[in-house]
Structure formats: C-alpha cells, structure tokens
1. Identify all residues within the range 263-276 that are more than 22 Å from Gln313 (Cβ to Cβ), of a type in the set (A, V, I, L, M) and in contact (Cβ under 8 Å) with a residue 12 or more places away in the chain; write none if there are none.
2. Identify all residues within the range 203-214 that are within 18 Å of Asp326 (Cβ to Cβ) and near the ligand (Cβ under 9 Å from one of its atoms); write none if there are none.
3. Would you confirm whether any residue within the range 313-330 is part of a loop (DSSP other than H, G, I, E, B), under 13 Å from Val260 (Cα atoms) and in contact with a helix residue (DSSP H, G or I) (Cβ under 7 Å, 6 or more places away or on another chain)?
4. Given (1) surrounded by 19 or more Cβ atoms within 10 Å (Cβ to Cβ); (2) under 30 Å from Ala182 (Cβ atoms), where does Arg329 come up short, assuming only one miss?
5. So how many residues does the range 47-72 have that are in contact with a Lys or Arg (Cβ under 6 Å, 6 or more places away or on another chain) and open to solvent by 30 Å² or more (accessible area, probe 1.4 Å)?
6. I need the full set of residues from the range 226-269 which are in a strand (DSSP E or B), near the ligand (Cβ under 10 Å from one of its atoms) and buried (at least 24 other Cβ atoms within 10 Å of the Cβ), in order please.
7. Please go through the range 142-159 and give me each residue that is within 15 Å of the ligand (Cβ to nearest atom) and farther than 22 Å from Ile236 by Cβ, ordered by number.
8. What are the residues in the range 295-319 that are open to solvent by 50 Å² or more (accessible area, probe 1.4 Å) and either within 16 Å of the ligand (Cβ to nearest atom) or β-branched (Val, Ile, Thr) (or both), if any?
Amino acid sequence: MTQARPAPLASAPAAPRIDYTFAPTAELLCQPGTLAVLGFDDVDVAGADDPRCLSLALPGLDVRTAREHWRVDALVRHGRSDGVNWASGGGWLFAGVCISEGDHGDDIGGCAEQAYRILCTFLSAQAGGCHVQRIWNYLDRINEGEGDAERYKHFCSGRLRGMGTFFDAGFPAATAIGQPHASGQLTVYCLAADQSGERIENPRQMSAWRYPRQYGRTPPSFARAMLLPARDALAISGTAAITGHTSRHHDDLAAQLAEVRTNIETLLVSAGLPAGLDAAAPLKVYLRHPQDVEQVAEFFARGLPQVPYVLLQGDVCRRELLVEIDGWRYA
Ligand code: 3EB
C-alpha cells in the first residue's frame, strides 16, 4: 500500500530553516529571522550575550565545527524570563534552560525536574497556546551508576515529574545525550509552535514510553519524530541501533550505523515522506568514541554523500551503543 504524502498546510507556519554554518556568531545574530545559534563546545557562542545563543558541552569532532543556525521568515523578539532564554517569531518559539547540578546536591533527577518545571511553567504562560515539537537534553555522566541508579534513569524520572500535566496530550520528539566532559550543567532547550504537529512512531521500534521495566522505573518520555504543523519538515528524535526495545550490534559501529540509517529511513516512510536522506536532511551525529570519527565520515561519504551533518562527541544513554543520530528531514 502506498502512503499518501502529507499535504502541506498553508495555514500553519513554515518550518524554521536549520543550517550548519561557519559564519561568525555576531553575523548570524544580525541576520533577520535568527531564532537560535547553537555552538558546540569550543565554538564561541557563549561570549555572545544574547538569549538566542546556546553553547552545548559537546566537543565537535570535525576539523572545523559548525554552528547550528535556526531561522524563521519573520521578525524575532527575544529575552530572558524566569530562568528561560527565549526567542519567538512567525509562530515559532525557541526556549532554553540551563541548570547547575551543584545547586541540586548532585541529584540529576532533581535537576531534570526543576528544568522541566521552569520550562513548562514558561511555556504554559504563552498566549495563544504553545505546542512543543522538539526538545533536546544534554547532561553529564549519563551512564554513571548501575541499574536503576544510573543517572540517565534518574533523569527520566525527574523529567516526567517536572513535565507535570504539560505533555498529557503526548510527548514531543527528543534527544538525550551525555556530555563527555563534566560541565556541571543540565541543558534543556526546545522548539515550540503556536499549532500542533503530528507525532510519528517507528514500526521497527517499540514506543519509548512503553519500554519494559528492565530499562528503568520511568520509561523515556519522547516520540520518535514530529511532523511540524505545516507538514513541511520532520523533526527526527535521537535514533540509535535499537529494534523493538533491544540494543543491536553491541560494540560494532558499522552495523550500528546501518541500523540507525534503516531506523531513520523507516521513520520517514511512517511520516509519509520520501525515505532517502539527502541535502534536505541535516543531521547531528553523536559519537561515544572520538577515534571512530573517520569511520563515520566514511559511512557518510560512501552512502549519504549529500547529507549535511555535524559530528559531535556525546554518550548514548545505553552504554553498549556507540552512536546516535538526530536531525531534520525537509519535505
Ligand atoms: C532510544 O531510542 C535511545 O530519553 O529523550 C533517544 C531519544 C533516546 C531520546 C530521551 C533517548 C531519548 O531509547 C535513546
């Protein structure tokens, strides 16, 4: 059976454009419609005193690491309120929260709860409604602790507590990745819209919120992907070599990369989009071991030569997994 492609909705705001660029931060901030500029580790956006800038504690593994630039076709306002850095325009909202773990007695669950409470309180107060499409979470020492005591599992519990009732209609697409060098910070940021998107699940994978008990007391709260309101782009959650609920190809990077690719391509088909990844699919690759960088570069050069990507060092929440990929697919 062929699936109908989603018809674009002219009444909804067009998807933000996400680009990887080497242009200086100051120049990006001057461009009309800039909603956010994300820097990776040593790329200096932290110095820019602008709430649209966020510096992520993820080392870039490319020779020159790009910045991620979000743009909308509208005038953008920005500010800081109640612990949230935000920018909005054209029906879109970027909002980010950074929490110092030291303020929470090294309790990552409490940190996550606090971050989500701050964010959800802010989002709830937005006039005209606010629909979170996509959310990113970056935390230190994600795999530290055994079994239920692992920090990622505490993070999952705290996140759900902090969400309160805000996501009762369904979870957004998400990423949760470990920062390889302790930063002392939990960073959570999101993209929201004034209209709802459509949550997409992957038929090859169990929905994460239904994972069985062995993965922790609180299953992870995210959808596999989100078709943005105008149906003109798919936000792809962090995707790893998992089928059903099981990690595949332990310690085999080549096989994990192939499995991730199949998972993402399956997700695109679920969303009614063409399966192929090309120049209209900017991706972020999170790699546990920096020494694997050449193998990943080769995987892209051989199999996905058109795809724009950034290579970052980051830890997947399951310790047997070496790589995770998230990103966008424009229709
Ligand atoms: C997985 O599929 C891999 O906890 O927000 C991917 C995307 C993963 C998001 C999250 C976790 C999260 O279960 C891990």
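The values are calculated or read from the model by the stated rules, or taken from the named source; none is laboratory data. A quick note: this is a predicted structure, and the numbers were derived from the prediction, not measured. Cβ: placed from backbone, ideal geometry, glycine included. Neighbour counts: every protein chain shown. Please note that ligands, DNA and RNA were not included when accessible areas were found on the heavy atoms of the full protein model with its side chains. Shrake-Rupley method; radii C 1.70, N 1.55, O 1.52, S 1.80 Å.
1. Start the filter on the range 263-276 by keeping residues that are more than 22 Å from Gln313 (Cβ to Cβ), which leaves 265-276.
In the following step, the residues that additionally are of a type in the set (A, V, I, L, M) were identified as 267-269, 271, 273, 275.
Those that are more than 22 Å from Gln313 (Cβ to Cβ), of a type in the set (A, V, I, L, M) and in contact (Cβ under 8 Å) with a residue 12 or more places away in the chain: Leu267, Leu268, Val269, Ala271, Leu273.
2. So in the range 203-214, the residues within 18 Å of Asp326 (Cβ to Cβ) come out as 204-205, 207-209.
Across the range 203-214, the qualifying residues are Gln205, Ala208.
3. yes
4. Evaluating Arg329 over (1) surrounded by 19 or more Cβ atoms within 10 Å (Cβ to Cβ); (2) under 30 Å from Ala182 (Cβ atoms) leaves (2) as the failure.
5. So the answer is 1.
6. Result: Ile236, Ser237, Gly238, Thr239.
7. Asn143, Glu150, Arg151, Lys153, His154, Ser157, Gly158
8. Step one: of the range 295-319, the residues open to solvent by 50 Å² or more (accessible area, probe 1.4 Å) are 295, 298, 301-302, 305-306, 309, 319.
Arg319 - this is the single residue of the range 295-319 that is open to solvent by 50 Å² or more (accessible area, probe 1.4 Å) and either within 16 Å of the ligand (Cβ to nearest atom) or β-branched (Val, Ile, Thr) (or both).
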